Structures are given as structure tokens and as C-alpha cells.
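Here the structure comes first, spelled out in C-alpha cells, and everything after it is commentary.
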Amino acid sequence: MKKTILFLFTFIALQLFTGFATNTIAKLWFPDADPTITLLISLASCSIAIIALFLGLKWCPVSRHYIRTKPWGTLIWSALLGIGMIIPITWAQEFIPDSWRIDLIGDELTKILQTSEGYFVVCLLAPLSEEIVFRGAIIRAILKWKSESGTSKVSAEWLAIVVSALLFAVIHANPAQIPAAIVFGILLGWLFIKTGSIVPGCIIHWINNSFAYVMLKIFPTVPIDAHLADYFNGNQMAVAQAVIASLFIALPSLYQLIKAR
């Protein structure tokens, strides 16, 4: 359990440090710097530092064994599950009370995602760093801790999945995102336990984060936090059809992943 706390503390500390350092440097040497660029550099520096530290210290062991098994079916179904989950989860989040919503960097995030550099940082680097920490490191640490205490394998696995999902949800620092992040975290944790690799989770995480980027490209005038109905000219029936169609993609994909060895 000590390692889990260490990993979480390191993840948060690196976020705070890179944010503080970037802002301080910008104010001292580049007072006219665009705040969006400063935030982009901060996010990129944080993700790179996390990836380098966790891989360098072998907190998240790296191996090519999983890819060498050629798990193309699992990766394809993971991608389809990621696509199918987006609209239902987005729709479910609309029922969260507005009083729960805390948007600290919403406008800046929109500006960041309108650039190719922003896509690289938010949709590629960030998912990789989070999967390394919350699945690759934290789940492994909890499994090792529980195995040493004599806990059954299944109990240890589900404890690791749930704890990592809860921590993953909390670090998003937005109460409105917590329910969806927990569900998302449980799914990613389960996939990690099943495959022993963060690759399927990285694919789903990448697709989920890329959704906002794609929507901004297709609908540049629609706010990033808009309701689904705003994309369908207020047509709630179209929203319901989109949710149902997405479930017809997500549920068979999940079934195939459950069946996969």
C-alpha cells in the first residue's frame, strides 16, 4: 500500500511542480507569453516527466511480450468499445447537477485542442502517462501487496481495479466527472488485469480523449461542454438514436473482450 501512496503522491507532485515551474518561468522571462501556450507546455512537461520517471524507475515494467502475441482481435474490440462508450457516457453525464461542475481550464483546453500540438499532448501523452500510473503501476502495487497478505487472487484483482478507478476519478478534480471516470477506470483496470498490458487501455483512453478534438474540428462553434442535443439541433430523438446505436457497438465489443482469452 505504501507504493500506491508513493505513486499517487508522485503523480500529483509532478503536476503541481511542472505547473508552478512553467508559470514562474513564463512570468519571469516571457511575461507576454500566451497563457494557452504556457498551459500546453506545462501539460506536456508533466506527462513527459511522469512517463520518464515511472518507466525509468521500473515502477511500470515495460515488455514487448504482449504485442508479440499479436492480440489484434483484442485491440480492435478495445477500439470499438472505446468508440461505442463515448456517446452513452457523455449522455449520462448530462444528468449530473450543474452545481457539481468545476471547470478550471475549460476555455484554455478548448484553445489547446484546436492545435495539432494540443492533440498530441491531451490525446496521446496524457492517456499514456495516466495508464502508466493508474494501471501499470498502481494496480501492480496493490496486487503485490494483497498477494503478500494471502488475499485470494480474484479479491485482490477487484480491489486493485476499484481502488485504482477511485483514485483515477479523484485526480480529475471535477465532481461532475467522477461517476464517469469511475466507470471508465474500472473498465480500464479490468482490461489491464485481463491482458496484463496497458496497450488496450491506452487505445480506449486515446479514443475517448480524441472525441473532444474531433468534435471541435467538425463543430468549431459548439462549446466543448455542450450537450449532445446541441450537435443535433436540439433533436432529443436523434440523441436517443445515437445512444442506442453506440450501445450496439459497445455491448458486443465488451462481450467479445469478456470471451477473449
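The values are calculated or read from the model by the stated rules, or taken from the named source; none is laboratory data. What you are looking at is a predicted structure, and each value in this text was computed from that prediction instead of being measured. Glycine also receives a Cβ, built like all others from the backbone with ideal geometry; neighbour counts cover every protein chain displayed. Please note that ligands, DNA and RNA were not included when accessible areas were found on the heavy atoms of the full protein model with its side chains. Shrake-Rupley method; radii C 1.70, N 1.55, O 1.52, S 1.80 Å.
For the residues L55, L16, L6, L40, the requirement of being within 22 Å of I171 (Cβ to Cβ), open to solvent by less than 40 Å² (accessible area, probe 1.4 Å) and in a helix (DSSP H, G or I) singles out L40. Number of residues in the stretch 146-167 that are in contact (Cβ under 8 Å) with a residue 12 or more places away in the chain and outside any helix (DSSP H, G or I): the value is 0.
Take the residues in the stretch 204-219 that are in a helix (DSSP H, G or I) and farther than 13 Å from I86 by Cβ, then tell me which one is least open to solvent (accessible area, probe 1.4 Å).
L216
The sole residue among A21, A33, A26 that is over 16 Å from A126 (Cα atoms), of a type in the set (A, V, I, L, M), at pLDDT below 90 and in a helix (DSSP H, G or I) is A26.
Across the stretch 168-192, the number of residues qualifying as open to solvent by less than 40 Å² (accessible area, probe 1.4 Å), among the aliphatic types (A, V, I, L, M) and part of a helix (DSSP H, G or I) comes to 7. Based on what the data block shows, is E131 out of contact with any Ser or Thr (no Cβ under 6 Å at 6 or more places or on another chain), open to solvent by 20 Å² or more (accessible area, probe 1.4 Å) and among the acidic types (D, E)? The answer is no for E131. Looking across the stretch 228-261, not a single residue is hydrophobic (A, V, I, L, M, F, W, C), outside any helix (DSSP H, G or I) and over 22 Å from L81 (Cβ atoms). Restricting the first member to the stretch 201-221 and to residues that are in contact (Cβ under 8 Å) with a residue 12 or more places away in the chain, and the second to residues that are basic (K, R) and assigned to a helix (DSSP H, G or I), the beta-carbon pairs closer than 8 Å and six or more apart or on different chains are G201/R135.
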